[in-house]
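Asker: The structure that follows is given in the form of structure tokens.
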Amino acid sequence: MTALCPMPITMMTEPPPFATGRRELARQRAELARRELANCRFCAHDCQVDRTQTQAGICHAGPEPCLHSAQIDMADELELVPVYAIALSGCDMRCAYCITGAQSWNAQAGLALSPAELAERARRALAGGARTVMILGGEPTIHLPYVLDVVAELPETARLAFKTNAYGSASSRALLHGLFDLWCVDYKFGNDTCADRLAQIPNYNRVVQENLVWAARQGDLIVRHLLMPEHVECCWRPVAAWLAAALPGVKVGLRTGFWPAWQSRRHAELRRTVTPAQIQQAQAIANEYALRLIE
Ligand code: SF4
């Protein structure tokens, strides 16, 4: 069992992030982030490789990302849509069931686009009625120089969301502090054995919980959990229990549309969708812990 955060989020006193001056701040941070590429510690894998020279880090990312899509998305939470979703290729996790596995496991998949060109597309989407610009992956934390360049090109008033697997490092948190209006965090596994077996991730719960507590202080936070077949008790229950204890009242998206994508067939229990009984059981757990579920 993982340790609980000792302090409820409502007692934390860090000042709220701000929007004024965001573009300039992002510009400055992008320079810092670009320097950090030479000794990459953007995520908790802490590879310390020079990404300007090699793609030998666990994510296999180089200095610049590729995009595997940038488009309007209606599949996010109701309060966010329509979302202009910017999906960067490459990830630091290896989730066997990843719905975008071909792009997420290959940091070179897709097309290169300059931050200015991408921001122009996002501006057009906002002018057309998009409510949120969301940066996601793969995992966007592994591409912080580019992400910060994009933020520096977007309007100060745009509502910006960062969707992450929460495996970032203290260095990433320092670079991202105060720049996003909303954090959308996937809390995937309720124990480290499942995290290691299904996504090859060490120390998963400690790192994710640390990042979640931090993200909750950044502003608006939505925590998502994708319910996996046969993982209701081992994964969803501990996630629900921790959220109730450490982040009471946090918005939670319980996702029940698991699809056995990518390499799911390697794991017997992931070769199917979740059953109605499992969904019912998961909802009962959410009620038991009085979670604030959102659509
Ligand atoms: S982003 Fe993470 S996985 Fe990728 S090279 Fe840096 S520390 Fe390693």
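The values are calculated or read from the model by the stated rules, or taken from the named source; none is laboratory data. Quick caveat: nothing in here was measured; it's all calculated off a predicted structure. Cβ coordinates were reconstructed from backbone atoms using ideal geometry, including for glycine residues, and neighbour counts include every protein chain displayed. All accessible areas refer to the heavy atoms of the entire protein, side chains included, with ligands and DNA or RNA removed. Shrake-Rupley method; radii C 1.70, N 1.55, O 1.52, S 1.80 Å.
Asker: Tell me which of these PRO248 doesn't satisfy, since it passes every other one: (1) surrounded by fewer than 21 Cβ atoms within 10 Å (Cβ to Cβ); (2) without any contact (Cβ under 8 Å) to a residue 12 or more places away in the chain; (3) not charged (D, E, K, R).
Answerer: For PRO248, the exception is condition (2).
Okay, residues lined up against (1) away from the ligand (no atom under 16 Å from the Cβ); (2) not in a helix (DSSP H, G or I):
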| site | (1), (2) |
| --- | --- |
| ARG51 | no, yes |
| LEU80 | yes, yes |
| ALA85 | yes, yes |
| ASN106 | no, yes |
| ARG123 | yes, no |
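Asker: Right, next: Filter region 229-258 down to residues that are in a helix (DSSP H, G or I) and small (Gly, Ala, Ser), then give me how many there are.
Answerer: So the count comes out to 5.
Asker: Mind listing whichever residues of region 87-104 are in a helix (DSSP H, G or I) and either within 16 Å of the ligand (Cβ to nearest atom) or on the phi > 0 side of the Ramachandran plot (or both)?
Answerer: GLN103, SER104
Asker: Something else: Is it the case that GLN55 is surrounded by fewer than 17 Cβ atoms within 10 Å (Cβ to Cβ) and touching a Phe, Trp or Tyr at 6+ places or on another chain (Cβ under 8 Å)?
Answerer: It is false that GLN55 is surrounded by fewer than 17 Cβ atoms within 10 Å (Cβ to Cβ) and touching a Phe, Trp or Tyr at 6+ places or on another chain (Cβ under 8 Å).
Asker: Would you check which residues across region 145-171 are open to solvent by less than 40 Å² (accessible area, probe 1.4 Å), in a loop (DSSP other than H, G, I, E, B) and polar (S, T, N, Q) and list them?
Answerer: ASN165, SER169
Asker: Is one or more of the residues making up region 59-77 β-branched (Val, Ile, Thr), farther than 25 Å from MET228 by Cα and over 16 Å from the mean Cα position of the chain (by Cα)? Quick ask: steps written out before the conclusion?
Answerer: Residues of region 59-77 β-branched (Val, Ile, Thr): 72.
If we keep only those that are farther than 25 Å from MET228 by Cα too, we end up with 72.
Next, only the ones that are over 16 Å from the mean Cα position of the chain (by Cα) stay: 72.
Yes.
Asker: Separate question: Of the residues in region 77-121, how many are more than 17 Å from PRO63 (Cα to Cα) and in contact with a Pro (Cβ under 9 Å, 6 or more places away or on another chain)?
Answerer: So the answer is 3.
Asker: In addition: Please identify the pairs in which a residue from region 180-192 that is touching a residue at least 24 places away in the same chain (Cβ under 8 Å) and open to solvent by 30 Å² or more (accessible area, probe 1.4 Å) has its Cβ atom under 9 Å from the Cβ atom of a residue that is assigned to a loop (DSSP other than H, G, I, E, B) and of a type in the set (D, E, K, R), counting only partners at least 6 apart or on another chain.
Answerer: Within 9 Å, the pairs are ASP181/ARG159.
Asker: Please state which one of ARG224, ARG217, ARG237, ARG206 is basic (Lys, Arg), closer than 11 Å to TYR187 by Cβ, open to solvent by 10 Å² or more (accessible area, probe 1.4 Å) and touching a residue at least 40 places away in the same chain (Cβ under 8 Å).
Answerer: ARG224
Asker: What about THR10, is it in a loop (DSSP other than H, G, I, E, B), away from the ligand (no atom under 13 Å from the Cβ), at pLDDT below 95 and not hydrophobic (A, V, I, L, M, F, W, C)?
Answerer: Values: in a loop (DSSP other than H, G, I, E, B): no; away from the ligand (no atom under 13 Å from the Cβ): yes; at pLDDT below 95: yes; not hydrophobic (A, V, I, L, M, F, W, C): yes.
Considered against the rule, which asks whether it is in a loop (DSSP other than H, G, I, E, B), away from the ligand (no atom under 13 Å from the Cβ), at pLDDT below 95 and not hydrophobic (A, V, I, L, M, F, W, C), THR10 comes out as no.
Asker: Scan region 25-36 and report the pairs whose first residue is surrounded by 21 or more Cβ atoms within 10 Å (Cβ to Cβ) and whose second residue is not in a helix (DSSP H, G or I), with Cβ atoms within less than 6 Å and a gap of 6+ or a chain change.
Answerer: Listed pairs, sorted by first residue: ALA26/LEU179.
Asker: With the checklist (1) surrounded by fewer than 21 Cβ atoms within 10 Å (Cβ to Cβ); (2) without any contact (Cβ under 8 Å) to a residue 40 or more places away in the chain; (3) under 20 Å from the mean Cα position of the chain (by Cα) in hand, flag the one item ASP50 doesn't pass.
Answerer: (3)
Asker: Could you check region 53-78 and list, in sequence order, the residues that are within 20 Å of LEU154 (Cβ to Cβ) and within 15 Å of the ligand (Cβ to nearest atom)?
Answerer: Once the filter is applied, which keeps residues that are within 20 Å of LEU154 (Cβ to Cβ) and within 15 Å of the ligand (Cβ to nearest atom), region 53-78 yields GLU64, PRO65, CYS66.
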